[in-house]
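One structure is given below, encoded as structure tokens.
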Amino acid sequence: MKTLRDVKVGETAVVVKLHGEGATKRRIMDMGITKGVELHVRKVAPLGDPMELNVRGYELSVRTADAEMIEVK
């Protein structure tokens, strides 16, 4: 299983499935990350957390712990 955390800077991935429970999963979905959405990794902070993404035409920062819950292809 490949997660968003495994995607390198400059690569694009498509969301396959969201893992997680309750409020955490809902928060990820509220940010616009849903099944079938294309995510482009713009950059990653020097210590690896957070990562900056382009999602649906806007920039979004996601924590590494949340990125591990997003399965991509």
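The values are calculated or read from the model by the stated rules, or taken from the named source; none is laboratory data. Not measured: the values here are computed from a predicted model. As a convention, Cβ positions derive from the backbone with ideal geometry for all residues, glycine included, and neighbour counts pool all protein chains shown. Note: areas computed on protein heavy atoms with side chains; ligands, DNA, RNA excluded. Shrake-Rupley method; radii C 1.70, N 1.55, O 1.52, S 1.80 Å.
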Practice item. Working only within segment 1-19, note down all residues that are assigned to a helix (DSSP H, G or I) and either open to solvent by 90 Å² or more (accessible area, probe 1.4 Å) or farther than 16 Å from E71 by Cβ (or both). Key: R5
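Going residue by residue through segment 36-43, is there one that turns out to be open to solvent by less than 70 Å² (accessible area, probe 1.4 Å), free of Cβ contacts under 8 Å to residues at least 12 places away in the same chain, touching a strand residue (DSSP E or B) at 6+ places or on another chain (Cβ under 9 Å) and not in a strand (DSSP E or B)? If you could, list the steps in order and put the result at the bottom.
Of segment 36-43, the ones open to solvent by less than 70 Å² (accessible area, probe 1.4 Å) are 36-37, 39-41.
Next, from what is left, pick out any that are free of Cβ contacts under 8 Å to residues at least 12 places away in the same chain: none.
No: segment 36-43 contains no residue that is open to solvent by less than 70 Å² (accessible area, probe 1.4 Å), free of Cβ contacts under 8 Å to residues at least 12 places away in the same chain, touching a strand residue (DSSP E or B) at 6+ places or on another chain (Cβ under 9 Å) and not in a strand (DSSP E or B).
So which of E52, E71 is touching a residue at least 40 places away in the same chain (Cβ under 8 Å) and touching a Ser or Thr at 6+ places or on another chain (Cβ under 8 Å)?
On the way: E52 fails: touching a residue at least 40 places away in the same chain (Cβ under 8 Å).
Answer to the selection: E71.
Restricted to segment 51-67, and to residues that are within 17 Å of V9 (Cβ to Cβ) and of a type in the set (D, E, K, R), which residue is surrounded by the most Cβ atoms within 10 Å (Cβ to Cβ)? It would help to see each step written out before you state the result.
Here is the first cut: in segment 51-67, the ones within 17 Å of V9 (Cβ to Cβ) are 51-55, 59-64, 67.
Subsequent filtering for residues that are of a type in the set (D, E, K, R) retains 52, 59, 63.
On the way: E52: 15, E59: 11, R63: 11.
Across segment 51-67, the extreme among qualifying residues is E52.
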Revision key, fill the gap. The lone condition G48 fails out of (1) of a type outside the set (S, T, Y); (2) buried (at least 16 other Cβ atoms within 10 Å of the Cβ); (3) in a loop (DSSP other than H, G, I, E, B) is (2)
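Can you tell me which residue within segment 20-35, out of those that are at positive phi and out of contact with any Leu (no Cβ under 8 Å at 6 or more places or on another chain), is least open to solvent (accessible area, probe 1.4 Å)? Working first, answer last.
As a first pass, look at segment 20-35 and keep what is at positive phi: 20, 22, 32.
When the remaining residues are screened for being out of contact with any Leu (no Cβ under 8 Å at 6 or more places or on another chain), the result is 20, 22.
Details: G20: 34, G22: 56 Å².
Of everything passing the filter in segment 20-35, G20 is least open to solvent (accessible area, probe 1.4 Å).
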Review point. Hey, does segment 61-70 have a residue that's in contact with a His (Cβ under 9 Å, 6 or more places away or on another chain) and either in a helix (DSSP H, G or I) or not charged (D, E, K, R) (or both)?
Key: yes
